[in-house]
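Have a look at the structure below, then the notes.
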Amino acid sequence: MFEYILSILIFFPALAAILGLALNKDSIKAYGIVVSAIEFLLALMLWYAYDAGVTGMQFVESVAIVEAFGVHYLVGVDGISLFIIILAAFFTLIGIASLPEMKNIKNLIITLLFMQMTMVGVFAALDVILFYIFWELSLVPMLYIIGAWGGPRRVYASVKFFLYTFAGSMFLLVGILYMGYAYHDATGIWSFSLLDWYESATLPFNVQLWLFGAFFLGFAVKVPMFPFHTWLPYAHGEAPTIGSVILAAILLKMGTYAFVRFSLPLFPDASYYFMVPIAIISIIMIVYTAMVAYAQKDVKQVVAYSSISHMGVIILGTFALNVEGISGAVFLMIAHGVVSGALFLLVGVIYERRHTKLMSEFGGLATVMPYYATIFGVFMLASVGMPLTINFVGEFLCLLGFYEQSHTLTLLAGLAIIVGAIYMLAAFKKLFFGEVTNEKNRNLPDVTKTELVALLPLVVITIWLGVYPKPVLGPIDNSVKPLVQMMHDRAITPEAQAAIASPLVPKEAR
Amino acid sequence: MLEPIVVTLEELNLITLVPMCIAIFGALLIICIDLVKERLDKSFYLMITLLFLAVDFVAVLASAGLFEQVGSVRGFFDVMFIDGLAILGQLIIVGASMLFIPLALTSKRFHEYNYPEYFGMFLFMVGGFQFMVATDNLILIFVGLETASLALYTLIALHNRDKSFEAAIKYFTMGALGAALFSFGAMLLYAVSGSIEIAHIAAVVKADEYANIEILLVGVVMLLAALGLKVSLVPFHTWLPDVYEGSSAALAGYMSIVPKIAAFVVAMRLFEFLIHSGVVWLEVILYAVVVLTMTAANLWALVQSDVKRMLAYSSISHAGFVMAAILIATTQANSALFIYWILFSFTNLGAFTMLWVSRQKDLLPGQSSDHPYDKFSGMIRTMPVAAVVMGLFMLSLAGMPPFAMFWGKLYMISAAVNAEYVILALIMAINSAIAAYYYLKLIVYMFMKEPHYEGMQQYYMTNSSGALKTIIGFAAFATVFIFLALNPIMEFVTALVQKSGF
């Protein structure tokens, strides 16, 4: 009965969005909540029906779109994509639920529902062209959300966001087409199915390098990796709360997910070849953006730069090229989604009340808004990687994984993360501690019920998965193992084969 | 003393002439009806035109069936040459004409549609373009080209705006230059090979092992310039933005599709054998023209302040993109050219019709052109559906998946990659990224700015009618869902191109 659940997950929000066009705008918010709640339940059903014991793709559907050119509608999930899909459904739900009154709310909710289709589609697509379709299509709703509901420089921010990612994607497209050509050359059949590509012979080393580069440009802009990150602070700075939440929680994960899904297994030797340079870029990302975050006056920018910093850890874990690192990276994608999404929601809460995000305007909020301060504190600690919170598990595994590849770099990265804690603590101090200096803050209401409904589940997840990550980490681990095994098998240079340890062989035997 | 030539009727193979004759007969019929009974409504002539075009389309399809069975056919003293390219070219020409001529059904009155001759000339033009693609005889190509162009100049001039005369004269002058270049180039090819049939020329030149390469090159460059004037390759594009601006949006959209595909087919026939000749110079010249056309047009389009002029430059850029197929010259590339153009015609139909419905009688206060970006600002507030549809066409033109143009772009870049033109593929990709900006600009105006003019609604849909809305709806539907029909289109086109030996 679950054969078509993925297609339903992808197209249900789109259908709902089209029907929503006819809705009265007073009841559109309720409609949005109902639709995204159903979508979330469907996502939970997907988790329920997902068999964690089976390796490989599940709920696979395949329909030819352009048979002559090998383009299929091919979707499926494994442990790597499953939880990101659930996360996407979850954040759309709480994002819509926590929407304040704003102009043109009908357009916003319809856009969000379209956005949801593209997000689920990206993570479910197993045909590379289909992936590319959703990948590109996800830009349009976000462009509109930032550009229409954003701050004063919204048009600049949204266009910059769009053009950066679009330009990166063009290189990705050429890379994809070259892969398709190489596959056609080797087998005589046109196919853009990732599963077929996994089965095909590995490309020669120098071709891998070029293709890795092309894919890298597409993905790195999205992550965003240093030095392609400059669009992100603008986008976050101008975006409305809902835009920032979706952007940080889900859209950035597309890039890191794509690294795991495409770059690593398709180009194992190139991945190994570029491991150290990318690790260095990651460490620069972690340290540099942490420093920039410290210098920010705007609390939203602090969270934005902290996002980039954490994405650096995810990239580091991904390029550890072993089970610990990649599992940790995938787990950290979810963790970072939850925590940064929550932080942006929290920033939205005070922005709603004061219409400013400057930290100098606040201070001493802990006495005025105690609940708010507590919840913020929880996520602040999670963000710096406090043990027993969700982020800690991911960061720890990422570093553990990379420790096997390079002690020095891991040490540097570990130190950098600790240094990174400073800016979060400093921001927390500026916002909450001390006397209430600004008279405007004296009578701020604490979190409302609606806001609590959105935030409390996130608190629960943050602590629950921090204490007991197994329900999520288990399936991820199960799917990462065959991935690493595949990388090991597909590697053609002896160095890469040695460095990418087969998870089937116990550690002592290596 | 000339020997008497005996030709039997079978040898004439008059069936090859049938599609063009249908169009021409239709044109003559319209003019005759006008002689008998005056003051018939434009809708009457329009429907007659559509009917003849439909029959014409079916006749071309029938010749496609014949082609499947027996292959290429020659006819009428061997000047007619019906192969896959001729059939595809004619299908696109007649099909696009059928899509664009109903744009005459506006709610406002335009005096050009009151002349039955408008429709007559339209059919003559279609016939001319059909002749142009259905032959490999340089003289017949020339005749077809000139017939069609003369009709087109007149159609442009009939539009009642000051700029229309300027546009028509400009186009006429450039067209005359093109005609001169074409005839001179053809003469040089004749001097080299002693033949005016492209197939013969190819054979003779090859047999001579490119002995007179200098003359050949000069001839080819002249032909390239002549065709470049029609296709609007940089640096022969200068007339195009002004002509688009001066002519009605309906005709400008038509001009962005039909004359170009006809010229592309001729270019394909002409350059195919030259590209494969291994003469490096030809490849270099074409390569330079392709890259220059794509890039320069994109850069110019960035700074336009009028949507119609932006679309004009964008169509130059698309032409450069497609010209790459002729450079690559593989079966996939040549098929990609036709597929791209089919997809392009649907999207451009939509975009230009959207401009056409917003054609108001007087210019907006403080504006010097018909469709400044400002006019569209805040459209999502005043006309949400129209804004979404226009946004859709812009996204499609930018190559956003899964809309129509994305597939064309995909297949074209894939053709470049498969032929090991990786640098060219990258240039094409980068150009797509540049192009995204100016399409996005209109979206920014429509979705992210406040309405600029009071009572935009009355300005905006001023020219719309049920028929135009239907056409826009159809174009939008095709733009979004054409990927479902892409497989049969791709197979049909590829089969025809392959069987013609291209």
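The values are calculated or read from the model by the stated rules, or taken from the named source; none is laboratory data. Nothing here was measured: the structure is a model prediction, and the numbers come from that model. Methodologically, a virtual Cβ is constructed for each residue, glycine included, from the backbone with ideal geometry; neighbour enumeration extends over all protein chains shown.
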Q: Would you please name the residue that is modelled with the lowest pLDDT, looking only at residues in the stretch B:11-49 that are under 23 Å from B:Phe77 (Cβ atoms) and of a type in the set (Val, Ile, Thr)?
A: B:Ile15
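Sort through B:Ser43, B:Ser63 and tell me the only one that's in contact with a strand residue (DSSP E or B) (Cβ under 9 Å, 6 or more places away or on another chain) and either in contact (Cβ under 8 Å) with a residue 40 or more places away in the chain or not in a loop (DSSP other than H, G, I, E, B) (or both).
On the way: B:Ser43 fails: in contact with a strand residue (DSSP E or B) (Cβ under 9 Å, 6 or more places away or on another chain).
After applying the criteria, what remains is B:Ser63.
Give me the residue from the stretch A:89-102 that is touching an Asp or Glu at 6+ places or on another chain (Cβ under 9 Å) and among the hydrophobic types (A, V, I, L, M, F, W, C) and, out of that set, farthest from the other protein chains (Cβ to nearest Cβ). I'd like the intermediate steps shown before the answer.
To start, the set of residues in the stretch A:89-102 that are touching an Asp or Glu at 6+ places or on another chain (Cβ under 9 Å) comprises A:89, A:92-93, A:98, A:100.
Filter once more, so that each one left must be among the hydrophobic types (A, V, I, L, M, F, W, C): A:89, A:93.
Details: A:Ala89: 22, A:Leu93: 25 Å.
Among those residues, the one meeting the criterion is A:Leu93.
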Q. For the stretch B:288-316, which residues satisfy the criterion of being of a type outside the set (Gly, Ala, Ser), surrounded by fewer than 17 Cβ atoms within 10 Å (Cβ to Cβ) and under 20 Å from B:Ile328 (Cα atoms)?
A. B:Leu292
Q) Are there any pairs with C-beta distances below 6 angstrom linking a residue in the stretch A:347-361 that is closer than 16 Å to A:Thr448 by Cβ to a residue that is of a type in the set (S, T, N, Q) and surrounded by 21 or more Cβ atoms within 10 Å (Cβ to Cβ), with the two at least 6 apart or on different chains, and if so which? A) A:Gly348/A:Thr241
(Q) Tally up the residues in the stretch B:108-156 that are polar (S, T, N, Q) and under 18 Å from B:Met47 (Cβ atoms), please. (A) 1
Q. Quick check: anything in the stretch A:433-454 among the aromatic types (Phe, Trp, Tyr), farther than 24 Å from A:Gln301 by Cα and not in a helix (DSSP H, G or I)?
A. no
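For (1) closer than 30 Å to A:Ala52 by Cβ; (2) more than 11 Å from chain B (Cβ to nearest Cβ); (3) over 18 Å from the mean Cα position of the chain (by Cα), each residue gets a yes or a no:
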{"residue": "A:Asp78", "(1), (2), (3)": "yes, yes, no"}
{"residue": "A:Leu82", "(1), (2), (3)": "yes, yes, no"}
{"residue": "A:Ile86", "(1), (2), (3)": "yes, yes, no"}
{"residue": "A:Asn104", "(1), (2), (3)": "no, no, yes"}
{"residue": "A:Met117", "(1), (2), (3)": "yes, yes, no"}
{"residue": "A:Leu130", "(1), (2), (3)": "yes, no, yes"}
{"residue": "A:Gly150", "(1), (2), (3)": "no, no, yes"}
{"residue": "A:Arg154", "(1), (2), (3)": "no, no, yes"}
{"residue": "A:Gly168", "(1), (2), (3)": "no, no, no"}
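Table: residues versus (1) in a helix (DSSP H, G or I); (2) closer than 22 Å to B:Tyr254 by Cα; (3) in contact with a helix residue (DSSP H, G or I) (Cβ under 9 Å, 6 or more places away or on another chain).
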residue: B:Ile141; (1), (2), (3): yes, yes, yes
residue: B:Ala151; (1), (2), (3): yes, yes, yes
residue: B:Ile156; (1), (2), (3): yes, yes, yes
residue: B:Phe184; (1), (2), (3): yes, no, yes
residue: B:Tyr190; (1), (2), (3): yes, no, yes
residue: B:Ser195; (1), (2), (3): no, no, yes
residue: B:Tyr210; (1), (2), (3): no, no, yes
residue: B:Val218; (1), (2), (3): yes, no, yes
residue: B:Leu233; (1), (2), (3): no, yes, yes
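Of all residues in the stretch A:1-35, which are closer than 10 Å to A:Leu113 by Cβ and free of Cβ contacts under 8 Å to residues at least 12 places away in the same chain? If you could, list the steps in order and put the result at the bottom.
Looking only at the stretch A:1-35, we keep the residues that are closer than 10 Å to A:Leu113 by Cβ, and these are A:12-20, A:31-32, A:35.
Selection gives A:Leu15, A:Ile18, A:Leu19.
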Q) When you look at B:Phe502, is it more than 10 Å from chain A (Cβ to nearest Cβ), over 30 Å from B:Arg74 (Cβ atoms) and either touching an Asp or Glu at 6+ places or on another chain (Cβ under 9 Å) or free of Cβ contacts under 8 Å to residues at least 24 places away in the same chain (or both), yes or no? A) no
**Q.** Check on A:Phe59, part of a helix (DSSP H, G or I) and surrounded by 18 or more Cβ atoms within 10 Å (Cβ to Cβ)
**A.** no
Q.
One residue is enough: does the stretch A:260-276 have a residue meeting the conditions closer than 16 Å to A:Ala416 by Cα and in contact with a His (Cβ under 9 Å, 6 or more places away or on another chain)?
A. no
Q | Unmet requirement for B:Pro384, which otherwise passes all of (1) facing chain A (nearest Cβ under 10 Å); (2) buried (at least 19 other Cβ atoms within 10 Å of the Cβ) | A | (2)
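Residue under question is A:Lys222, and the condition is that it be within 13 Å of chain B (Cβ to nearest Cβ), within 19 Å of B:Ile434 (Cα to Cα) and among the basic types (Lys, Arg); does it hold?
Working: within 13 Å of chain B (Cβ to nearest Cβ): no; within 19 Å of B:Ile434 (Cα to Cα): yes; among the basic types (Lys, Arg): yes.
Answer is no for this residue.
Taking the stretch B:410-440 only, how many residues are more than 8 Å from chain A (Cβ to nearest Cβ) and either in contact with a Gly (Cβ under 7 Å, 6 or more places away or on another chain) or of a type outside the set (Asp, Glu) (or both)? Before the answer, list the steps.
Taking the stretch B:410-440 first, the residues more than 8 Å from chain A (Cβ to nearest Cβ) are B:412, B:415-416, B:419-421, B:423-424, B:427-428, B:431, B:434-435, B:438-439.
Adding the requirement that they be either in contact with a Gly (Cβ under 7 Å, 6 or more places away or on another chain) or of a type outside the set (Asp, Glu) (or both) leaves B:412, B:415-416, B:419, B:421, B:423-424, B:427-428, B:431, B:434-435, B:438-439.
Qualifying residue count, the stretch B:410-440: 14.
Before we move on, is B:Ala62 among the aliphatic types (A, V, I, L, M) and closer than 16 Å to B:Leu14 by Cα?
Values: among the aliphatic types (A, V, I, L, M): yes; closer than 16 Å to B:Leu14 by Cα: yes.
The answer is yes for B:Ala62.
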Q: Determine whether A:Ala270 is among the small types (Gly, Ala, Ser) and at pLDDT below 90.
A: no
**Q.** Conditions (1) farther than 30 Å from B:His276 by Cα; (2) surrounded by 22 or more Cβ atoms within 10 Å (Cβ to Cβ): number failed by B:Gly366
**A.** (2)
Q: Check A:Asp185 against each of (1) farther than 24 Å from A:Lys300 by Cβ; (2) at pLDDT 90 or above; (3) charged (D, E, K, R) and name the one condition it does not meet.
A: (2)
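Right, A:Leu139: under 20 Å from the mean Cα position of the chain (by Cα), facing chain B (nearest Cβ under 9 Å), surrounded by 20 or more Cβ atoms within 10 Å (Cβ to Cβ) and closer than 23 Å to A:Phe216 by Cβ or not? Even if it seems obvious, please write down each step before you answer.
Working: under 20 Å from the mean Cα position of the chain (by Cα): yes; facing chain B (nearest Cβ under 9 Å): yes; surrounded by 20 or more Cβ atoms within 10 Å (Cβ to Cβ): yes; closer than 23 Å to A:Phe216 by Cβ: yes.
Criteria met by A:Leu139.
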(Q) Can you say whether B:Val18 is without any contact (Cβ under 8 Å) to a residue 12 or more places away in the chain, part of a helix (DSSP H, G or I) and under 30 Å from B:Glu272 (Cα atoms), as far as the supplied structure shows? (A) no
**Q.** Flag for B:Phe352 being farther than 16 Å from B:Met255 by Cα, out of contact with any strand residue (DSSP E or B) (no Cβ under 7 Å at 6 or more places or on another chain) and buried (at least 24 other Cβ atoms within 10 Å of the Cβ)
**A.** no
